[in-house]
Amino acid sequence: MNREYAEYLLRKTKEDYNLIAEDFSRTREKSWEEIGFLFGEYLKAGDKVLDLGCGNGRYFPLFKEKETEYFGIDFSEELIKIAGDKHPEANFQTGDGLNIPFPENSFNKVFSIAALHHIPSRESRARFIKEIRRVLKPGGLLILTVWKFHRSKERYLLLKYTLLKIIGKSNLDWRDILEPWGKKIKRYYHWFSKKELKSLIEGTNLKIEKIGITKNQRGNRQNIYLIAKKPS
């Protein structure tokens, strides 16, 4: 994907989430129970933690329960406003995951829940992970999830955009899709495999500790999760 188009998609994604912020937040009132273990197992009291792509702040109560020093950033100003209204005691700010507004070696843990799949182009995704590595303290952990696409509508969209690319009618990369949110917008996603995600993380000199798949009880929501460590 050329740089200009990737930058356009980044701007579009930010604008899209500002546009749908209230509707989106209503669908994300509660944390996903199936990833609760990521907070239970990998947080401890006193951790300085960055919630990268925090959205409406729905995971803040889990960080608060663990008595962490919490910072949440998101590129959507509207979602940050909602987060601040819901949790005025938390540290939320607008921020860009490609230029994280904190110095090197700032955090014991960086959580990135369902954000990376919105980053277009291999180069930008690598930069996103390198920024996380930069702000992690030596020995710090990245806890990350991306959607595992498995539903028929997602497979249809993958087929659609694959065919469009084959005939030269799409500027998206392979395994990229635009998924409608009602009639308002079409959200950009990159469809990760576990193999691709592992390759991306290992290419930025983080050591993968664990990778797997989570499912909710109904099985209609699945995520790939990954735990990686910055060398000491």
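Just so it is clear, none of the values below were taken in a lab; they were calculated from the coordinates. None of these values were measured; they are calculated from a predicted model. Neighbour counts run over all protein chains shown; Cβ positions are idealised from the backbone, glycine included.
Summary of computed values
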{"read-out": "Förster-model FRET efficiency, 22 Å R0, ILE167 and GLU7, C-beta, rounded to 0.05", "value": "0.35"}
{"read-out": "Relative contact order computed over the chain (Cα-Cα under 8 Å; 6+ residues apart), in percent", "value": "19"}
{"read-out": "Per DSSP, loop trypsin sites (Lys or Arg not before Pro) in region 22-57 with at most 15 further Cβ within 10 Å", "value": "LYS30, LYS44"}
{"read-out": "Highest-fluctuation residue, ASP85, ASP16, ASP47 considered, GNM on the chain with Cα pairs under 10 Å", "value": "ASP85"}
{"read-out": "Folded to 0 to 90 degrees: helix 122-135 orientation relative to the chain principal axis, Cα", "value": "0"}
{"read-out": "Segment ARG175-LYS153, length gained on full extension (0.36 nm per residue, minus Cα span)", "value": "6.5 nm"}
{"read-out": "Ranking of TYR156, TYR225 by count of other Cβ atoms within 10 Å, fewest first", "value": "TYR156, TYR225"}
{"read-out": "Cα centroid separation - region 158-210 against region 6-79, whole Å", "value": "21"}
{"read-out": "Label-point gap, in nm, between THR94 and ASN220 - each point 7 angstrom along Cα→Cβ", "value": "3.5"}
{"read-out": "Greater than 22 Å apart at Cα, pairs in LYS153/LYS198; LYS194/LYS215; LYS66/LYS148; LYS148/LYS186; LYS109/LYS130", "value": "LYS153/LYS198; LYS66/LYS148"}
